[in-house]
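> Below you will find the structure I want to go over with you.
All of the numbers you see were taken from the coordinates with simple rules; none came from a lab. Everything numeric in this text was worked out from a predicted model, so none of it was measured. When we count neighbours, we look across all protein chains shown, and the Cβ atoms used for this are built from the backbone with ideal geometry, even at glycine.
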Amino acid sequence: MSFVEIKGQQIELDEDGFIVEPDLWSTDIAEYFAKEEEVEELTEQHWKIINYLKDYFKQFGIAPMVRKVCKDNNVSMQELYALFPTGPAKGACKIAGLPKPTGCV
Amino acid sequence: MKKKVLIRDFGQETPVLCPIDSSDIPLLPGEEQIVFKDVKPAMKEKYDFSLDGFSALNLPIPQTPEEEAKIVNDFLRGLEKVFSEENNWAFLQPTVLSTDYCVQCNTCNEACPVYPESGYQDIYRPNYRAELLRRIYRRYFTTAGKLLGKWAGADLELNWRVVYRLAELVYRCSLCRRCAQTCPVGVDNALIAREVRKLFSQEMGIAPEGVHKSGTVNHLKSGSSTGMGSAAFLDTLEMVEDIIEEKIGRRIKIPVDVPGADFLLLHNAGEFLAWPENPAAFAILFDAAGISWTLSSEMMGYEGVNYGVWYDDVQFAKILVGQVQAAKRLGVGKIVVGECGHATKATVTIGDRICVGDLAIPRESCLPILADIVTSGKIKFNPQQNNFPVTMHDPCNMVRLMGIEKPQWTILNAVVPQNQIYPMPNAGSENYCCGGGSGFAIMNSQNFPQWRNNLSSRRKARQVLEAFKDVLDPSIAKYYCAPCSNCKGSARDSMIEAFHFKDKYNMTYGGLVELMVNAMPGLPQPYISWEDEF
């Protein structure tokens, strides 16, 4: 566990740097995570994926399978990795403020 | 360099008892160097890294003599329970036998995947770990030990360091039981490690986060260790049907909640999220073979894993009862477990003491059913569609623990050309652990993944390189087949990501059913796609 200060707010992170309280997520936090996850600038395409992940998580309580992310957003796996170099689970989900994936995944 | 650490010195006040240096570890063929990242000083100050410089458990260092004393007292209270009938009805007899009858021949040590790959560090010997427990037990619970100490083989004095180092040490054994298999008198040192894990969890609340908090606790709360609730499961399943349609050109309705089906299939729920081609392949095969089966969308009915099997009898029993009740409510004839070794072990074998009376239901591995599809001729497979080198990993829990040795090879021989099968040395019940067994594959705290990938998974990687030694050329795409979710996760984290076998040798990995479907007639395209999936 650790804390980072983002725009004057103390945000608690787990040991892999995922947000502990998804409700505290903000666009500023997304910008902060993006830099940590090797994304130089969050473009419209990034935001589309981020918002999709957030909506899915809100509805179902987990992150969707990566294939579904690709299909529903009309991107290939390669394009997804180009957008989020550290990967959809570690990179995109972290930026979107989802908790760390659990179980045998 | 091999570091000798006497058992009586296990609690010595030294920052790290047996520091593991990358130069200790024998390199793989073609591997240039091993680099361990330094632990941040703030972490070292706060958490206990004093066994080998790694931490799997995030144990906070005690700050007061009272805290230190509590650790020792709690441990002793738990140890007494491990050896008492009313508290350990599940495993008392084999634990007592394995404690009493070791003749110290140390045959087990060489059988271990970790001990040789660590550069023969004493602390990782299977019998070192078990002997620690034996000596503590004798010292504190036998008259001879109390009176005679070292003269009665009871020379280890407890302090908090002994307890915490032992807690970490039981998470340096993947419970593969290769040591138990080789023991001439049948001592099971892996069981001792597992029973000590149980002591730590049930008595002291100490367990890896991925296994307990986000594992079994999450499972019992949400219905799956992945956090997947029933609605998410159904949504995911629809996507699996999309994948089937995309791959084979027609849609299959995956049977869900079908009352009275011949069997309920339990997958490791991680498959749906990480390797959906695997449950998709099961559906394609069962559909083509005309088998009566179903999945369940009921909470506890769609997640096959039971992490309790690694560390906690109470969590284990709660999960198993939930799974069996879901099957009973559907009125299926039996439970069949998909390609997951631990789920098979937990549900089929270890569940025996629980699945009695109202909970009695036949339970079995999927492998004999899949082999029957091959031998019955229900599907005519064309092995030439798998015309690439394949090696097969025999999952420890299916093969060594349960003796399921032949079905997977019957299948492989029917769906892959003979000249493309490259068995590993020691294939079968002598096979080595993938390195991710007993929770290792999902334990990612602190620097533990570095230990896992570099020590625990090294022997498997060596075995794979030996199997493929004549076809390592990266122009030849090759397939590491592991009919077990956990072993696939481990292959991804170690061989693909840490050892770069994809980049270096063009090796990919996957399950057995994917190979079966890839050999089915009438596919519009190969089922296994080499680039996209992994």
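So that you can scan it fast, the table gives a plain yes or no per residue for (1) over 15 Å from the mean Cα position of the chain (by Cα); (2) within 14 Å of chain B (Cβ to nearest Cβ); (3) surrounded by 14 or more Cβ atoms within 10 Å (Cβ to Cβ):
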{"site": "A:17", "(1), (2), (3)": "no, yes, yes"}
{"site": "A:29", "(1), (2), (3)": "no, no, yes"}
{"site": "A:40", "(1), (2), (3)": "no, no, no"}
{"site": "A:44", "(1), (2), (3)": "no, no, no"}
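> Mind listing whichever residues of region B:195-218 are more than 17 Å from the chain's Cα centre (by Cα) and within 14 Å of chain A (Cβ to nearest Cβ)?
Those that are more than 17 Å from the chain's Cα centre (by Cα) and within 14 Å of chain A (Cβ to nearest Cβ): B:213, B:217, B:218.
> Further question on the same structure: Could you tell me whether residue B:180 is over 29 Å from residue B:64 (Cα atoms), in contact with an Asp or Glu (Cβ under 9 Å, 6 or more places away or on another chain), among the aliphatic types (A, V, I, L, M) and surrounded by fewer than 23 Cβ atoms within 10 Å (Cβ to Cβ)?
Answer is yes for this residue.
> Hey, another quick one. Give the number of residues within region B:468-485 that are assigned to a helix (DSSP H, G or I) and either surrounded by 24 or more Cβ atoms within 10 Å (Cβ to Cβ) or at positive phi (or both).
1
> Exactly one condition in (1) closer than 22 Å to residue B:173 by Cβ; (2) part of a loop (DSSP other than H, G, I, E, B); (3) touching a Leu at 6+ places or on another chain (Cβ under 9 Å); (4) not polar (S, T, N, Q) is false for residue B:136; which is it?
Single failed check for residue B:136: (2).
> Out of all the residues in region B:242-263, which are in contact with a Ser or Thr (Cβ under 6 Å, 6 or more places away or on another chain) and either assigned to a strand (DSSP E or B) or within 11 Å of chain A (Cβ to nearest Cβ) (or both)?
B:256
> Check region B:424-435 and report whether any residue there is within 15 Å of residue B:56 (Cβ to Cβ) and within 15 Å of the chain's Cα centre (by Cα).
yes
> Condition first: in a helix (DSSP H, G or I) and either more than 7 Å from chain A (Cβ to nearest Cβ) or in contact (Cβ under 8 Å) with a residue 60 or more places away in the chain (or both). Now tell me which residues in region B:223-241 satisfy that. Working first, answer last.
Restricting attention to region B:223-241, the residues satisfying the condition of being in a helix (DSSP H, G or I) are B:230-241.
Passing the criteria: B:230, B:233, B:234, B:237, B:238, B:240, B:241.
> Next question. Out of all the residues in region B:85-106, which are in contact with a Leu (Cβ under 8 Å, 6 or more places away or on another chain), surrounded by 14 or more Cβ atoms within 10 Å (Cβ to Cβ) and not in a helix (DSSP H, G or I)?
Once the filter is applied, which keeps residues that are in contact with a Leu (Cβ under 8 Å, 6 or more places away or on another chain), surrounded by 14 or more Cβ atoms within 10 Å (Cβ to Cβ) and not in a helix (DSSP H, G or I), region B:85-106 yields only B:91.
> Let me ask something additional. Just one of B:305, B:324 is buried (at least 19 other Cβ atoms within 10 Å of the Cβ), farther than 18 Å from residue B:231 by Cα, in contact (Cβ under 8 Å) with a residue 24 or more places away in the chain and within 14 Å of chain A (Cβ to nearest Cβ); which is it?
B:305
> Is region B:419-439 home to any residue that is free of Cβ contacts under 8 Å to residues at least 24 places away in the same chain, surrounded by fewer than 24 Cβ atoms within 10 Å (Cβ to Cβ), not basic (Lys, Arg) and not in a loop (DSSP other than H, G, I, E, B)?
Within region B:419-439, the first condition is being free of Cβ contacts under 8 Å to residues at least 24 places away in the same chain, and the residues that meet it are B:419.
If we keep only those that are surrounded by fewer than 24 Cβ atoms within 10 Å (Cβ to Cβ) too, we end up with B:419.
Adding the requirement that they be not basic (Lys, Arg) leaves B:419.
Among the residues that remain, those that are also not in a loop (DSSP other than H, G, I, E, B) are: B:419.
Yes - at least one qualifying residue is present in region B:419-439.
> Right, another one. Evaluate the following for residue B:319: is it part of a loop (DSSP other than H, G, I, E, B), more than 11 Å from chain A (Cβ to nearest Cβ) and either among the polar types (S, T, N, Q) or in contact (Cβ under 8 Å) with a residue 40 or more places away in the chain (or both)?
So residue B:319 does not fit the description; no.
> Let me confirm something: among B:388, B:448, which residue is touching a residue at least 12 places away in the same chain (Cβ under 8 Å), surrounded by fewer than 24 Cβ atoms within 10 Å (Cβ to Cβ) and touching a strand residue (DSSP E or B) at 6+ places or on another chain (Cβ under 7 Å)?
B:388
> Filter region A:90-105 for residues that are more than 9 Å from chain B (Cβ to nearest Cβ) and surrounded by fewer than 21 Cβ atoms within 10 Å (Cβ to Cβ) and give the result.
Residue satisfying the conditions is A:90 alone.
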